[in-house]
Amino acid sequence: MKSIRKIALYMMLGFAVLGGLFIAGESLSDPGGLRGILFTSAWVIPMIIMSWLGWRRPRIAFPILIMWTFGIMGLLFWQAIAPDWWHTIINSDGPIITVAIFALATPWTIYGYKRRTRFVAFLLMAMPTLSAVAASNTNDNAPIFHGGSGMAVGLPVFAAGALYLVASFVDKQDDTADEK
């Protein structure tokens with residue numbers, strides 16, 4: 001159903017703008033200076049480029065988004081097997097994996113609006129779920145409750161995935177034909 005897809009898309013776009021402003025503000029104030037600008041650029045620029053590619057050039061976007069997703073899954077696996085090391089990284093540099101999931105969710109949502117909606121829905125629901133599972137073996141669950149960043153990012157991403165999943169079953173159509 002187009003309206004459910006639109007709700008998910010607009011929700012994620014609004015979340016990308018508001019969350020992006022918040023994360024950029026935090027990055028520019030906490031480390032500040034050149035390091036804050038570089039950290040912000042490291043996720044903003046790929047998010048914008050991949051969002052554009054997801055909408056206009058989906059055949060190019062899909063393999064890049066898959067590789068980016070597997071990279072995040074690798075980091076989550078690494079976090080699960082070395083939680084103390086990641087706890088140190090998160091305390092010194094911030095929630096890197098959470099920001100990576102945030103930056104990846106918007107391009108996937110844009111890509112999934114017209115194509116492979118069910119597949120994108122499962123990815124959008126899996127990323128925050130796996131992040132919570134990977135963080136569950138830390139001493140104080142820092143990635144989940146570190147300033148609430150994991151939950152603040154995970155809930156809207158999961159909700160967009162759930163809306164896409166509902167839309168994919170309601171439509172009952174093969175939405176991969178639009179891919180060019």
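The values are calculated or read from the model by the stated rules, or taken from the named source; none is laboratory data. The structure presented is a predicted model; accordingly, all values stated were derived computationally and were not measured. Please note: Cβ atoms are built from the backbone with ideal geometry, for glycine as well, and neighbour counts cover all protein chains shown.
Miscellaneous remarks
- Whichever residue in segment 1-52 is more than 27 Å from residue 63 (Cβ to Cβ) and touching a Phe, Trp or Tyr at 6+ places or on another chain (Cβ under 7 Å) and, among such residues, is modelled with the lowest pLDDT: 31
- Candidate set: segment 1-45, residues that are within 26 Å of residue 89 (Cβ to Cβ) and β-branched (Val, Ile, Thr); chosen: the one surrounded by the most Cβ atoms within 10 Å (Cβ to Cβ): 23
- Output for segment 14-62, where each listed residue is of a type in the set (A, V, I, L, M), touching a residue at least 40 places away in the same chain (Cβ under 8 Å) and touching a Ser or Thr at 6+ places or on another chain (Cβ under 7 Å): 16, 47
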